[in-house]
Amino acid sequence: MHKALLAALLAVAFFVPQSSSRAAEGPALPAQAWSFKGAFGTYDRAAVRRGLQVYREVCAACHSLNLVAFRHLGDVGFQEAEIKAVAEAYKVKDGPDDAGDMFERAGRPSDYFPAPFANTKAARASNGGALPPDLSLMTKARKQGPDYVYALLTGFKAPPAGFSLMAGMNYNEHFPGRQIAMAPPLAEGALTFADGTQSSVSQMARDVTTFLSWTAEPEMEARKRLGVKVLLFLLVLTGLLYALKRAIWQKLH
Ligand code: HEC
């Protein structure tokens, strides 16, 4: 009876076709060697810094980062003075003041990254009708998120012969439907990295993806550290319980 049930379950698990909506969409996503992969992975601090620079100098023209406050940068090694400097480079809307008017002031560490557009309609109007999504959780919102974002940023190509590209769209084999309203945002040497790293397209794509992986999962490192502690604790506990069991049962042998 049980065997039959097990066999039926296994049959279901193996023979129901896996839902693979992506398969029809484009080439498989190459898995990248991210520093934050694996049980002990951490965010490469230098890559996060460069990635922040790529976000600020390129992506921020169109994409918001609504869930990230400047002060959060402290969790990935930014010093207080650096955070202040990043924040002060932005104008933030505040108010109302005593006269009831809204006003602009320099950003503070407690502020969140201001969005590039006042609202989604303004964002669409500036982007040919397409909405540049908020990037805070992007690497978690897509399957194989970091690999996908990297592949997307480096995957712009000339469309193959016979492909009908709609006006204002760009060919990208990793985007579902293969045409995306975002123009290729990265160009070789588009910016000068503060740490002197060459700003190739793939370097900028890797770095901004590392940065966005941190914004999506800022708690990842703490979670992994806790996991290791729990496993160590369980290991010690197992040893103690085993010793206890032997001590108790010894008299009976
Ligand atoms: C000039 C404006 C512009 C810039 C600059 C820009 N994007 Fe976009 N991006 C868009 C638009 C518009 C879309 C929506 C595309 C669509 O729906 O066809 C988009 C979509 C995306 C998506 C979502 C793809 C998906 O699966 O839905 C990601 C990820 C992305 N951009 C990342 C970036 C990154 C990272 C940068 C900086 C390196 C960047 N973008 C720079 C306009 C921009």
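The values are calculated or read from the model by the stated rules, or taken from the named source; none is laboratory data. Since we're looking at a predicted model, the values are computed, not measured. A quick note on method: Cβ atoms are made from the backbone with ideal geometry, for glycine too, and the neighbour counts reach across all protein chains shown. The area values use the complete protein model at the heavy-atom level, side chains included, leaving out ligands, DNA and RNA. Shrake-Rupley method; radii C 1.70, N 1.55, O 1.52, S 1.80 Å.
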Tell me yes or no: at least one residue of the range 221-230 is over 19 Å from K37 (Cα atoms), at pLDDT 95 or above and open to solvent by 50 Å² or more (accessible area, probe 1.4 Å).
yes
Residue count for the range 58-70, restricted to those that are over 13 Å from the mean Cα position of the chain (by Cα) and either more than 16 Å from L137 (Cα to Cα) or more than 9 Å from the ligand (Cβ to nearest atom) (or both)
6
When the range 203-253 is checked residue by residue, the ones that are of a type in the set (G, A, S) and within 32 Å of the chain's Cα centre (by Cα) are A205, S213, A216, A222, G227
Those residues of the range 157-176 which are within 28 Å of the chain's Cα centre (by Cα) and open to solvent by less than 90 Å² (accessible area, probe 1.4 Å) amount to A158, P159, G168, M169, N170, Y171, N172, E173, H174, F175, P176
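Matching residues to (1) more than 11 Å from the ligand (Cβ to nearest atom); (2) exposed (fewer than 15 other Cβ atoms within 10 Å of the Cβ):
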residue	(1), (2)
A47	yes, no
G51	no, no
R56	no, no
H72	yes, no
G77	yes, yes
A85	yes, yes
V92	yes, no
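Being small (G, A, S) and open to solvent by less than 80 Å² (accessible area, probe 1.4 Å) is the filter here; which residues of the range 100-127 pass it? Step through it out loud before you land on a result.
Within the range 100-127, the first condition is being small (G, A, S), and the residues that meet it are 100, 106-107, 110, 115, 118, 122-123, 125-126.
Selection gives G100, A106, G107, S110, A115, A122, A123, S126.
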Members of the range 100-140 found to be free of Cβ contacts under 8 Å to residues at least 40 places away in the same chain, of a type in the set (G, A, S) and more than 14 Å from C62 (Cβ to Cβ), listed by number
G100, A106, G107
Run G128 past the list (1) at pLDDT 95 or above; (2) farther than 23 Å from F36 by Cα and report the number of the one that doesn't hold.
(1)
